[in-house]
Amino acid sequence: GLLELRILFETENARLAAINRTDEQAVELKQLVQQEVETAKEDIDTLTELDFQFHLLLAMATDNLCYPLLLNSFKQVYTNLTGIFFSMPSVITTVLALHKELSFAVEHRDEKNAVKSMKSLLAHGEKVLKEIITK
């Protein structure tokens, strides 16, 4: 249930962020990705917080006030899961590459590729989650 909801919600966030983002938000998104890249892979707490800020900024860029509120209501569950994901260095590499892709799409107001990148990001998360559960 929660994964399906997240797919609907986050892909819509990506699409609307590409359409409605301000120039400042495009710059902020790029800066967040840069911070993620510069953070040591062992610093899971910082990476987890930056990941949440990335998704929150996307939600804010939609120009729909309900979206950041909704995302904030999930913060505890969200950051707990991300922290588990980021204990695997290969996951961090994939996530950061997809964040870069998504940030680029939003910056260029490319809603199709923003949605595509978000779907890849969520599919990757779901795959990792299934691997963790079946261990």
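The values are calculated or read from the model by the stated rules, or taken from the named source; none is laboratory data. What you see is a predicted model, and the numbers here were worked out from it, not measured in a lab. Heads up, the Cβs are rebuilt from the backbone with ideal geometry, glycines too, and the neighbour counts pull from every protein chain shown. Surface areas here come from the heavy atoms of the whole protein model, side chains and all, with no ligands, DNA or RNA. Shrake-Rupley method; radii C 1.70, N 1.55, O 1.52, S 1.80 Å.
Select from segment 42-79 the residues that are hydroxyl-bearing (S, T, Y) and part of a helix (DSSP H, G or I) and write down the one among them that is most open to solvent (accessible area, probe 1.4 Å).
In the first step, residues of segment 42-79 are kept if they are hydroxyl-bearing (S, T, Y); the result is 46, 48, 62, 67, 73, 78-79.
Still in the list and also part of a helix (DSSP H, G or I): 46, 48, 67, 73, 78-79.
Details: T46: 56, T48: 13, Y67: 47, S73: 85, Y78: 18, T79: 25 Å².
Applying the filter and picking the extreme gives S73.
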Options L50, L96, L2: the member that is out of contact with any strand residue (DSSP E or B) (no Cβ under 6 Å at 6 or more places or on another chain), of a type outside the set (D, E, K, R), within 21 Å of A123 (Cα to Cα) and free of Cβ contacts under 8 Å to residues at least 40 places away in the same chain: L50
Close pairs (9 angstrom Cβ cut-off, 6 or more residues apart or separate chains): more than 14 Å from E10 (Cβ to Cβ) and open to solvent by less than 10 Å² (accessible area, probe 1.4 Å) in segment 99-116, assigned to a helix (DSSP H, G or I) and of a type outside the set (A, V, I, L, M) anywhere: S103/K30; S103/F54; S103/S117
Pick from segment 117-135, criterion hydrophobic (A, V, I, L, M, F, W, C) and more than 24 Å from V27 (Cβ to Cβ), ranking: most open to solvent (accessible area, probe 1.4 Å): I133
Filtered residues of segment 1-41 (kept if among the polar types (S, T, N, Q) and part of a loop (DSSP other than H, G, I, E, B)): T22, T39
